[in-house]
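The values are calculated or read from the model by the stated rules, or taken from the named source; none is laboratory data. Model, not experiment: these values are computed from the prediction. Here the Cβ positions follow ideal geometry from the backbone for every residue, glycine too, while neighbour counts run over all protein chains shown. SASA here: full protein model, heavy atoms, side chains in, ligands and nucleic acids out. Shrake-Rupley method; radii C 1.70, N 1.55, O 1.52, S 1.80 Å.
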Number of protein chains: 2
Amino acid sequence: MFDYKLLAALAAVVEQAGFERAAAVLGLSQSAVSQRIKLLEARVGQPVLLRGVPPRPTELGQRLLNHVQQVRLLERDLQGQVPTLDENRLPERLRIALNADSLATWWAEAVAPFCTEHAVLLDHVVEDQAVGLKRMRAGEVAGCVCAAERPLAGARSQYLGAMRYRALASPAFQRRYLGSQPSAETLARAPAIVFGPDDRLQHRYMASIGGSDGFIHHLCPSSEGFVRMLQSGLGWGLVPQLQVRGELARGELVDVLSGPPIDVPLYWHHWRNGGALLDELTRHLLRCAGRWLVTE
Amino acid sequence: MFDYKLLAALAAVVEQAGFERAAAVLGLSQSAVSQRIKLLEARVGQPVLLRGVPPRPTELGQRLLNHVQQVRLLERDLQGQVPTLDENRLPERLRIALNADSLATWWAEAVAPFCTEHAVLLDHVVEDQAVGLKRMRAGEVAGCVCAAERPLAGARSQYLGAMRYRALASPAFQRRYLGSQPSAETLARAPAIVFGPDDRLQHRYMASIGGSDGFIHHLCPSSEGFVRMLQSGLGWGLVPQLQVRGELARGELVDVLSGPPIDVPLYWHHWRNGGALLDELTRHLLRCAGRWLVTE
């Protein structure tokens, strides 16, 4: 069998984003952690870590991490039956990648009963909905909520529902930039707010109303900051309806045009052989996601 | 003088996080952008970009970017006096690094009047308050809001005020984990929520009340997700008071212990020779930040 002391050292360095913190978590000296990584590299005959800040796994390192993640989940199942196997048993951790807007809206409420019942701690990794799967491919996470449907080899993908986005702005912004007859042309000349370089929602919306692709925009990589910028009248942008129910009800944000909303489908990706806990989370999410996501 | 066509290509590749998008922004073919980067590297005799996904500047590349950022700000001043100099004049962009909690709370409202008056678009880069300065050192941003006081060479640092954090949880969490006599010991056994590996606020709070450093925690790198996790009863954690005024007023979140809040000082860092626009933003921030930050 593999030497799991070595693999655990690799996992700790990547998860803790550094040798010093990895050493603290493992209760070892930093040089002991270093030794274990070197020994692992000697065994597999290739580097497993790129020594940067933070250290990143090589392709081989990622395959090993993927394996560690799956072994951990299987161990947890066994511990349910043989509770004394691991003397230092801590609550189980699940590492999940998801899009920022899910984390900012429905996710916590959805997973709370699951976490409480099973005493699970969550490590969240925020990734744009278009690129979240790369964390799974890298073996860093057990599951992933993202807009891509196609599962990775060894994983399953299940539809959760869609996140409904509306193009919103403050009433003052609306008056100032769009006037009494808002149109795709006037909107194209008003500043937009875009989450980051991977966020194409505003562009999709513009295309859907026949507007131009070349609009000016602020960049704001924060779900809550995005809403604060809309409220302050700095621009217009697409926001999950779930996130701004209060602002909409109070009239602090309004639709910029009467066009249809944009629905972004969300899929739950998880390893097939991820063990009972991950299967339980899957069942739980499929059962309850419809409370927050659009499923018709 | 330098060849600014080459430097602009470098800036676009880094700012747009890729050659393809850089080409689109510059209105060039991707191979033309590539050619310019290669020519720049031939001139300076060293690589300026690490070709990864996304491409990152080398140390020399970062120094060049820093220079581009400053030249752009100076150009803007000149354009105020000679408006026809740049025929394709777009609204000016300022790139700012700041901590996620500022972006989630006071920042948008504070900068809105400045952006509207000067027709400025903002590119926000979120960095933990302890490490935001590295973006300035890298020449990627014109200014930075962070907890470090000491300015970089060529820059100034000015005190804005402090962000007040309170250790909060939901009433249900409070009852379940802390019972009728909450103490540092009971709190240490309850799950915490931590923003990310660099977030030491919960540890500081524990130390301030005499608790242990080894508490269990979820990780949630999203300001809004953090509050949603608190509300769902998944853990306790330190939140900017500004961000949860509604939740506190409605009793959806309560103080876990009667201990004092934690104040995190915030400083505004900006280049000394950053031009009139950056100076104006500095004056504006110093004038108004006290409306949201604690300054006594």
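For every residue, the table says whether it meets (1) part of a loop (DSSP other than H, G, I, E, B); (2) buried (at least 16 other Cβ atoms within 10 Å of the Cβ).
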residue	(1), (2)
A:Arg175	no, no
A:Ser212	yes, no
A:Pro221	yes, yes
A:Gly237	no, yes
A:Arg245	no, no
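Would you confirm, using the coordinates I've provided, whether B:Arg228 is within 14 Å of chain A (Cβ to nearest Cβ) and either farther than 30 Å from B:Arg287 by Cβ or not in a loop (DSSP other than H, G, I, E, B) (or both)? Walk me through it before giving the result.
On the way: within 14 Å of chain A (Cβ to nearest Cβ): yes; either farther than 30 Å from B:Arg287 by Cβ or not in a loop (DSSP other than H, G, I, E, B) (or both): yes.
The answer is yes for B:Arg228.
Only residues that are facing chain B (nearest Cβ under 7 Å), part of a helix (DSSP H, G or I) and of a type in the set (A, V, I, L, M): list them for the stretch A:105-122, please.
Matches in the stretch A:105-122: A:Ala108, A:Ala112.
Can you name the number of the only condition in (1) hydrophobic (A, V, I, L, M, F, W, C); (2) buried (at least 18 other Cβ atoms within 10 Å of the Cβ); (3) touching a residue at least 60 places away in the same chain (Cβ under 8 Å); (4) within 14 Å of chain A (Cβ to nearest Cβ) that B:Cys288 fails?
Failing condition for B:Cys288: (2).
For residues that are without any contact (Cβ under 8 Å) to a residue 60 or more places away in the chain and open to solvent by 30 Å² or more (accessible area, probe 1.4 Å), scanning just the stretch B:112-128, find the one that is nearest to B:His270 (Cα to Cα).
The selected residue is B:Val126.
Which number in (1) within 11 Å of another protein chain (Cβ to nearest Cβ); (2) touching a residue at least 24 places away in the same chain (Cβ under 8 Å); (3) open to solvent by 40 Å² or more (accessible area, probe 1.4 Å) marks the one condition that A:Gln241 misses?
(1)
Could you check, for the stretch A:234-241, whether at least one of its residues is among the polar types (S, T, N, Q) and within 21 Å of A:Trp292 (Cβ to Cβ)?
Scanning the stretch A:234-241, I find at least one residue that is among the polar types (S, T, N, Q) and within 21 Å of A:Trp292 (Cβ to Cβ), so the answer is yes.
Could you check A:Ser170 against (1) open to solvent by 20 Å² or more (accessible area, probe 1.4 Å); (2) within 14 Å of another protein chain (Cβ to nearest Cβ) and say which number it fails?
(1)
Just the residues that are among the aliphatic types (A, V, I, L, M) and away from chain A (no Cβ under 13 Å), please, taken from the stretch B:143-167.
If the condition is that a residue be among the aliphatic types (A, V, I, L, M) and away from chain A (no Cβ under 13 Å), then B:Ala147, B:Ala148, B:Leu152, B:Ala153, B:Ala155, B:Leu160, B:Ala162, B:Met163, B:Ala167 are the ones that fit.
Exactly one of (1) hydrophobic (A, V, I, L, M, F, W, C); (2) modelled with pLDDT of 90 or more; (3) under 23 Å from A:Cys220 (Cα atoms); (4) open to solvent by less than 10 Å² (accessible area, probe 1.4 Å) is unmet by B:Ala147. Its number?
(4)
Looking only at the stretch A:179-190, decide whether some residue is outside any strand (DSSP E or B) and within 13 Å of chain B (Cβ to nearest Cβ). Don't jump to the end; show me each part of the working.
Of all residues in the stretch A:179-190, those outside any strand (DSSP E or B) come to A:179-190.
Keeping just the survivors that are within 13 Å of chain B (Cβ to nearest Cβ) gives A:189-190.
Yes, the stretch A:179-190 has at least one match.
State which residue is nearest to A:Trp107 (Cα to Cα) when the search covers only the stretch A:143-173 and only residues that are in contact (Cβ under 8 Å) with a residue 24 or more places away in the chain and in a loop (DSSP other than H, G, I, E, B).
A:Ala147
Hey, among the residues in the stretch A:247-265 that are open to solvent by less than 10 Å² (accessible area, probe 1.4 Å) and at pLDDT below 95, which one's nearest to A:Val294 (Cα to Cα)?
That would be A:Val264.
Would you check if there is a residue in the stretch B:125-142 being away from chain A (no Cβ under 14 Å) and in contact with a Cys (Cβ under 8 Å, 6 or more places away or on another chain)?
Checking the stretch B:125-142: at least one residue is away from chain A (no Cβ under 14 Å) and in contact with a Cys (Cβ under 8 Å, 6 or more places away or on another chain).
If A:Tyr205 satisfies every condition in (1) within 14 Å of chain B (Cβ to nearest Cβ); (2) aromatic (Phe, Trp, Tyr); (3) assigned to a helix (DSSP H, G or I) but one, which is the exception?
The single condition A:Tyr205 does not satisfy is (1).
Residues checked against (1) of a type in the set (D, E, K, R); (2) farther than 30 Å from B:Glu224 by Cα; (3) modelled with pLDDT of 75 or more; (4) buried (at least 19 other Cβ atoms within 10 Å of the Cβ):
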{"site": "A:Arg43", "(1), (2), (3), (4)": "yes, yes, yes, no"}
{"site": "A:Leu50", "(1), (2), (3), (4)": "no, yes, yes, no"}
{"site": "A:Glu59", "(1), (2), (3), (4)": "yes, yes, yes, no"}
{"site": "A:Asn66", "(1), (2), (3), (4)": "no, no, yes, yes"}
{"site": "A:Glu75", "(1), (2), (3), (4)": "yes, yes, no, no"}
{"site": "A:Asn88", "(1), (2), (3), (4)": "no, yes, no, no"}
{"site": "A:Trp106", "(1), (2), (3), (4)": "no, no, yes, yes"}
{"site": "A:Ala110", "(1), (2), (3), (4)": "no, no, yes, yes"}
{"site": "A:Ala130", "(1), (2), (3), (4)": "no, no, no, no"}
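Of all residues in the stretch B:208-225, which are among the aliphatic types (A, V, I, L, M) and more than 8 Å from chain A (Cβ to nearest Cβ)? Let's see the steps before the verdict.
Taking the stretch B:208-225 first, the residues among the aliphatic types (A, V, I, L, M) are B:209, B:216, B:219.
Within the stretch B:208-225, B:Ile209 is the sole residue that qualifies.
For the stretch B:15-24, which positions are at the interface with chain A (Cβ under 10 Å from one of its Cβ atoms), part of a helix (DSSP H, G or I) and not small (Gly, Ala, Ser)?
Within the stretch B:15-24, the first condition is being at the interface with chain A (Cβ under 10 Å from one of its Cβ atoms), and the residues that meet it are B:15-18, B:21, B:24.
Filter once more, keeping what is part of a helix (DSSP H, G or I): B:15, B:21, B:24.
Residues satisfying the conditions are B:Glu15, B:Arg21.
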